[in-house]
Amino acid sequence: MSLLVASVAVPRPVRRLFTYSVPPALAPRCRPGVRVIVPFGRSLLTGYLLDVHESGKDRGTSPPLKPIEEVLDSEPVLDAQVLELTRFAADYYVSSLGEMIRSALPGMKARVEKVVSMTAAGRAALGGGGGVLLDASLPRIASDPLAREILGVVAEFTSAHGAALRLPDLKRRVGPRFKPALLERLRRGSLVEVTEIATSSGLRPRLEEHALLRESEEAPRGSRRKRLLDVLAGHGGTMPVAELLRLAGAPRAALRSLEAAGRVSIEGVESPRRPASLEMALEPRVPVTPTPDQARAIETIREALESRSFSPFLLHGVTGSGKTEIYLRAIEAAVASGRRALYLVPEIGLTPLLARRMRSRFGEVLALLHSGLTDGERYDEWRRIRDGRVDVVLGARSAVFAPIPGLGLIVVDEEHDASYKQEEHPRYNGRDLAILRGKLAKAVVILGSATPSMETFLQARRGRYRMLSLPGRIGSAGLPRVERVDMRREFQEVGRETILSRRLIAGLEERLRRGEQSLVLLNRRGFSTFVLCRSCGEQVQCRQCSIPMTLHLRRKRLNCHYCDDSRPVPSACPICGSAHLHFGGTGTERLEEVLKTALPGARVARLDRDTARGRGAVESLLMHVERGEVDILLGTQMIAKGHDFPNVTLVGVVAADALLALPDFRAGERAFQLLAQVAGRSGRGDRAGEVIVQAYYADHHAIRHACDHDYAGFAARELTFRRAMNYPPYAALAVLLVKGRVFERAREDAGGIARTLRGLAGRRIQVLGPAPAPLERLRGDYRVQILVKAPNRKDLQATVADTLQALDRIKLNVENLVIDIDPMSTL
Ligand code: ADP
Ligand code: ZN
Ligand code: ZN
């Protein structure tokens, strides 16, 4: 007799599928693409069923296959295209398919709960009536009083209810003395069993109670009941219960008695959760006539849409050239041709005004997908998308996996932005997957930017992406004038170190007088960026990371910006005890004070991760700026992201050279992009803009070219450097990072991995390291890394995949190995 078995992908770092048996009762629901609960090791996991087939083997294979525990969905959550995309992505990033699918379905995880039950040994340990008659074969823990109490609670519950006790209930019954470690010792001593059960699929449509009027001749008794029926009849015979009670001013009991009398029935009606950001005020649409450059780009895209074949574009337009209008018209064209569109942005939270504009333009057929949504909101939006009820999806990187039927267009706005890269497992890049998705869907893909990444730019230069250019700004004012201030000279002339140059202060004062707005960029949060002991010369570092701690004055704490650990401000050096501490370096918090002191009366606002905490904080801050209630907005790179404030005519950059301090091959590119982007916020209205860039070392080519609005010059220079150093986009790069609590151990493991790699790598593949990563320690883990460079990505992926397989064979522990294909940085 043959057996029905299923292949399941599990969200664990293993690069293979697992086979489970399908219990007959679940067989009808085991369709490819549904989520299932499966036992895995000692726990239960949400896995993804990919395939069901008859196993040729007889029953009784050894060891027997474990069965699928539960099927979570009645309909597949993965359609063929999304499944293929995750398959490709898992291969591309040499990661596990299950983990990739989990990334594709954010928030769609079943809730799994631990339950505790008794074992025979446990009952024996408790003895007949709680006596201390202890068997010598029992573990020592059985005599611990608190452990016995825990056992007692479990035993009592089990015998009373015939079921296992939920862990939270056990904790509640034992009270504050409950210790997880004790339970773990009981489990290891086989006195109790701790297992997991799935309690819910984690996803449910929200139901709202509706009252429904039933036919009847009989007149109701009681005035409140009569009022209820009148209101209900007045609303066409059905309405939400809450509203009915409110309007009729009647208590629930009155409704219940009507229900009992058969006059009214109450049923659950689905009521979708809507993202709060979709409930915003709409803005009137101001129709614009495309400029000739815009019109040309739109026409080309329209033709590509008609061809219904994969057509990738790079839309390279300077800041303020009207790229957004092109995206929106392209979307309208796609929708008009009966297809759907996906619009990806780096961080929706930073572009609330775009969401509002899209909402005004597309109305109900727009869906939003990003990490700021609750799981319920996201699930409801996801279902609206899957069911084809929306035409346009606006989302962050994981929306590249959205189940959009008939996808015809993908827009990747600010394609150079590092936020497209997921910096946790699995490390995929949403922009690169957008290209792949476009291929699968035969769609038009527009990658847009004023400062394209070197990767995308080279693809366009090689003719793989078609280039669309918008060389000029909308309006007559043109690009802003940029001035560099040499802070070395400033120091000599002023005779002391200053944060704001005289030139920048004068510029800000001028804007205040004219009622115009200014932005000031400083890409470091906090007050002081380091604390130095004047006696021993040591910096106060994070206990978990090799990173100096930042002083946050308002919170009165030192904070690590990498692991978020914090501690009180020390009054003495933690190393030598000296009281001579120096708080150095300037972050945005100090800059805010400096600005307020230098420009009394100015309305200054700060935007950085500290002020952006809390739902809606960024949106309301940006609204204040838009309404002209802020004179000077200062902040980190968050102020550079795509904002369109026509009244901003001055942008100041403090410490431009600090952007170049990172020891990473992309440091120059990132600095150029940030400077060009922030400069692009100036002079977007009718008045010409100005930019003042302060730096001690302003001659770096990234700063020079950004100040000259010279993307082509920068790209030429940067690409020459990348080619000479054999870095992307000329080489395919991977970082293999080994983490560990003990440095020697991490280095040893990395050594083993590097040896395996070198053994497998062909002549054309370079293996560098292992070496301590520039960020040597992070969250308590030492980090040792290996760089792999290959002439192309296929060779790179094959080498890394072969290495993983070989490591599996020699059983080298790779639990703490992070694989990063196309890394954003090598820190
Ligand atoms: P980019 O994204 O290229 O930086 P935007 O799309 O934000 O630029 O456009 C800059 C400004 O120009 C916006 O305020 C936009 O509304 C306006 N704009 C765009 N196209 C036109 C047009 N054809 N006519 C008039 N104004 C336009
Ligand atoms: Zn010291
Ligand atoms: Zn830290």
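No value in this document is a laboratory result; all are computed from the given coordinates. Everything numeric here is computed off the predicted structure, so don't read it as measured data. Please note: Cβ atoms are built from the backbone with ideal geometry, for glycine as well, and neighbour counts cover all protein chains shown.
Remind me, relative contact order of the chain in percent, using alpha carbon pairs under 8 angstrom and six or more residues apart? Don't skip to the end; give the middle numbers.
On the way: 1596 pairs, mean separation 79.0, N = 827.
Reported as a whole number, the value is 10 percent.
Hull volume per residue, based on the alpha-carbon atoms of the range 332-382 and their convex hull, is 86 Å³.
Looking at the square roots a ≥ b ≥ c of the eigenvalues of the Cα gyration tensor of the range 449-584, which shape do they give, rounded for a/c under 1.5, prolate if a/b is larger than b/c, or oblate? Oblate, because a/c is 1.5 or more while a/b does not exceed b/c. Against the main long axis of the alpha-carbon atoms of the chain, helix 743-760 sits at an angle near 80°.
Could you check what % of the DSSP bridge pairs in the chain are antiparallel, to the nearest 5? Walk me through the numbers before you get to the answer.
Numbers: 74 of 126 bridges.
Given both bridge residues lie in the chain, the antiparallel proportion sits at roughly 60 percent.
Given the range 690-783, what whole percent of its Cα pairs are spread farther than 16 Å? Don't skip to the end; give the middle numbers.
Numbers: 3029 of 4371 pairs.
Result for the distance tail: 69 percent.
Residue by residue, the range 458-468 carries 3J(HN,Hα) couplings of 5, 4, 5, 5, 7, x, 6, 10, 7, 9, 10 Hz when phi is fed to the Karplus relation 6.51 cos²θ - 1.76 cosθ + 1.60 (θ = phi - 60°); x denotes Gly or Pro. Each part gets one Cα centre, and for the range 368-441 versus the range 553-614 those centres are 36 Å apart. For the range 550-662, taking Cα atoms only, Rg and Dmax work out to 16.5, 53 Å respectively.
In terms of its C-alpha gyration tensor, the range 378-449 comes out oblate, because a/c is 1.5 or above while a/b does not outweigh b/c.
When the expected Rg is taken as 2.2 N^0.38 Å, what fraction or multiple of it is the alpha-carbon Rg of the range 470-516? Intermediate results must be reported in sequence, preceding the final value.
Details: Rg = 15.0 Å, N = 47, 2.2 N^0.38 = 9.5 Å.
It is 1.58.
Calculate how large, on average over all directions, the projected area of the Cα convex hull of the range 433-525 is; give the answer in nm² to one decimal. Mind showing how you got there, number by number?
Numbers: hull surface 43.5 nm².
Projected over every direction and averaged, the Cα hull of the range 433-525 covers 10.9 nm².
For the range 301-355, report the translational diffusion coefficient in µm²/s to the nearest whole number, using Stokes-Einstein at 20 °C, 1.002 mPa s, and a Kirkwood Rh over Cα pairs. Reported coefficient: 168 µm²/s. Taking the longest Cα principal axis of the chain as reference, the axis of helix 145-161 is set at about 60 degrees.
Applying a 4.7 Å Cβ-Cβ cutoff to the chain leaves 30, 563, 707 as cysteine residues with no disulfide-compatible partner. Note that the range 224-229 has calculated 3J(HN,Hα) couplings of 5, 5, 5, 4, 4, 5 Hz, one per residue in order, obtained from phi through the Karplus relation 6.51 cos²θ - 1.76 cosθ + 1.60 (θ = phi - 60°); glycine and proline are x.
When all alpha carbon pairs of the range 506-582 are counted in 10 Å bins from zero, the resulting P(r) reads 18, 38, 20, 15, 9, 0 %. Amide H contacts under 5 Å for residue 482: 691, restricted to partners 5 or more places along the chain or on a different chain, H placed in the peptide plane at 1.01 Å from N.
Both the radius of gyration and Dmax for the range 514-553 are 15.5, 50 Å, in that order, over alpha-carbon atoms. Legend: Rg and Dmax of the range 23-92, from Cα coordinates, 13.6, 37 Å. The range 252-328 and the range 475-511 have Cα centres separated by 42 Å.
Using the C-alpha gyration tensor of the range 345-493, what are the square roots of 5 times its eigenvalues, in whole angstrom, with the largest one first?
Numbers: eigenvalues 215, 80, 62 Å².
So the equivalent ellipsoid measures 33, 20, 18 Å along its semi-axes.
The orientation-averaged projected area of the convex hull spanned by the Cα atoms of the chain comes to 47.3 nm². Computed from backbone phi with θ = phi - 60° and the Karplus coefficients 6.51, -1.76 and 1.60, the 3J(HN,Hα) list for the range 11-26 is x, 10, x, 10, 9, 8, 8, 10, 9, 10, 7, 9, x, x, 5, 8 Hz; x is used for glycine and proline.
Once Rh for the range 608-715 is found with the Kirkwood sum over Cα pairs, what is the Stokes-Einstein diffusion coefficient at 25 °C and 0.890 mPa s, in µm²/s?
Estimated via Stokes-Einstein, D reaches 166 µm²/s.
For the chain, the longest principal axis of the Cα atoms and the long axis of helix 667-679 meet at an angle of about 80 degrees.
Find the Cα radius of gyration of the range 65-115, compare it with 2.2 N^0.38 Å by division, and give the number to two decimals.
Values: Rg = 13.0 Å, N = 51, 2.2 N^0.38 = 9.8 Å.
Working it through for the range 65-115, the quotient is 1.33.
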